[in-house]
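The values are calculated or read from the model by the stated rules, or taken from the named source; none is laboratory data. Bear in mind the structure is a predicted one, so any value in this text is a computation, not a measurement. Counting neighbours? That spans all protein chains shown, and the Cβs are built from the backbone with ideal geometry, glycine included. With ligands, DNA and RNA removed, areas are computed over all heavy atoms of the protein, side chains included. Shrake-Rupley method; radii C 1.70, N 1.55, O 1.52, S 1.80 Å.
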Amino acid sequence: AQKITQTQPGMFVQEKEAVTLDCTYDTSDPSYGLFWYKQPSSGEMIFLIYQGSYDQQNATEGRYSLNFQKARKSANLVISASQLGDSAMYFCAMREKGGSKAGNNRKLIWGLGTSLAVNP
Amino acid sequence: NAGVTQTPKFQVLKTGQSMTLQCAQDMNHEYMSWYRQDPGMGLRLIHYSVGAGITDQGEVPNGYNVSRSTTEDFPLRLLSAAPSQTSVYFCASKGGLAGNTGELFFGEGSRLTVL
């Protein structure tokens with residue numbers, strides 16, 4: 001079963017508007033972390049933002065914020081004031097922190113990504 | 001700041017050939033990993049290492065070998081390349097300091113085509 005679901009294969013947004021990229025997750029581990037990465041057309045993976053399962057407040061990093069709804073198991077990325085340079089693939093990922101085997105708590109589970117196009 | 005350096009960036013192989021993708025990081029990270037990225041499949045973990053001398057398998061380890069003789073280097077070896085190994089490969093590392101969010105630092109990727 002898919003543990004990270006990104007239901008929007010492609011999204012369009014007008015420059016300067018805000019956009020929300022959806023991510024839902026499935027875990028029974030009470031301790032986990034959620035990540036968003038950006039992959040522009042040049043190919044590199046760029047870390048954007050992190051939310052811990054025990055964090056009391058939603059994470060923010062500049063124009064990026066994470067709408068974390070723990071009961072609904074969703075961790076949507078909100079990009080405010082979109083810029084042309086925001087056009088990219090965006091990946092949601094989860095790291096479960098449990099497990100007895102060394103290294104298990106460091107594995108990331110990835111969604112399939114959402115392609116965002118920012119229109120001028 | 002070099003970060004994570006992967007070489008080569010592009011490679012074309014014939015079926016059955018062997019090659020090594022190099023990965024080096026200069027951040028003294030304990031954890032290093034290799035992913036492959038395929039359309040519609042997302043990123044899949046091939047192998048990972050939590051320190052020098054320690055390696056373990058990820059989701060899709062078949063056809064790949066790794067070793068970790070130093071903290072800095074984590075090469076990925078394809079012993080007998082197959083067309084199914086055509087992909088973009090990413091090396092990524094992570095520090096282990098307490099309080100660190102634990103984000104992965106990625107190399108720029110290596111695009112491999114197996115004919």
key: Condition met for B:Leu21 (part of a strand (DSSP E or B), farther than 12 Å from B:Pro75 by Cα and touching a Phe, Trp or Tyr at 6+ places or on another chain (Cβ under 8 Å))   = no
task = Sort out which residues of segment B:30-53 are touching an Asp or Glu at 6+ places or on another chain (Cβ under 9 Å), farther than 30 Å from A:Ser115 by Cβ and open to solvent by 20 Å² or more (accessible area, probe 1.4 Å), and write them in order of number.
result = B:Val50, B:Ala52
query = Checking B:Ser49 against (1) more than 19 Å from B:Ser87 (Cα to Cα); (2) in a strand (DSSP E or B); (3) in contact (Cβ under 8 Å) with a residue 40 or more places away in the chain, which single condition isn't satisfied?
reply = (3)
ask   = So which pairs qualify, if the first residue must be in segment B:20-42 and under 13 Å from B:Ala92 (Cβ atoms), the second must be acidic (Asp, Glu), the Cβ gap must be under 8 Å, and the two must be at least 6 apart or on different chains?
value = B:Cys23/B:Asp73; B:Ala24/B:Glu72; B:Ala24/B:Asp73; B:Gln25/B:Glu72
ask   = Within segment A:61-81, is there a residue that is within 14 Å of chain B (Cβ to nearest Cβ), closer than 19 Å to A:Leu116 by Cβ and among the polar types (S, T, N, Q)?
value = no
key: Options A:Glu96, A:Glu61; residue that is crowded, with 19+ Cβ neighbours inside 10 Å, over 11 Å from the mean Cα position of the chain (by Cα) and of a type in the set (Asp, Glu)   = A:Glu96
key: Residues being open to solvent by 10 Å² or more (accessible area, probe 1.4 Å), in a loop (DSSP other than H, G, I, E, B) and not hydrophobic (A, V, I, L, M, F, W, C) - total across segment A:1-56   = 24
inquiry  = Suppose the filter is assigned to a strand (DSSP E or B), among the charged types (D, E, K, R) and either within 22 Å of B:Phe105 (Cβ to Cβ) or more than 10 Å from chain B (Cβ to nearest Cβ) (or both); does A:Arg95 pass it?
reply    = yes
ask   = Has segment A:20-33 got at least one residue that is at the interface with chain B (Cβ under 9 Å from one of its Cβ atoms) and on the phi > 0 side of the Ramachandran plot?
value = no
query = Name the residues in segment B:54-84 that are open to solvent by less than 70 Å² (accessible area, probe 1.4 Å) and either hydrophobic (A, V, I, L, M, F, W, C) or on the phi > 0 side of the Ramachandran plot (or both), would you?
reply = B:Val60, B:Gly63, B:Val66, B:Phe74, B:Leu76, B:Leu78, B:Ala81, B:Ala82
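Residues checked against (1) within 12 Å of chain A (Cβ to nearest Cβ); (2) within 14 Å of the chain's Cα centre (by Cα); (3) modelled with pLDDT under 95:
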site: B:Lys14; (1), (2), (3): no, no, no
site: B:Ile54; (1), (2), (3): yes, no, yes
site: B:Gly63; (1), (2), (3): no, yes, no
site: B:Ser93; (1), (2), (3): yes, yes, yes
request  = Please indicate, with yes or no, whether at least one residue in segment B:63-79 is of a type in the set (S, T, N, Q), in a strand (DSSP E or B) and within 25 Å of A:Gln6 (Cα to Cα).
outcome  = no
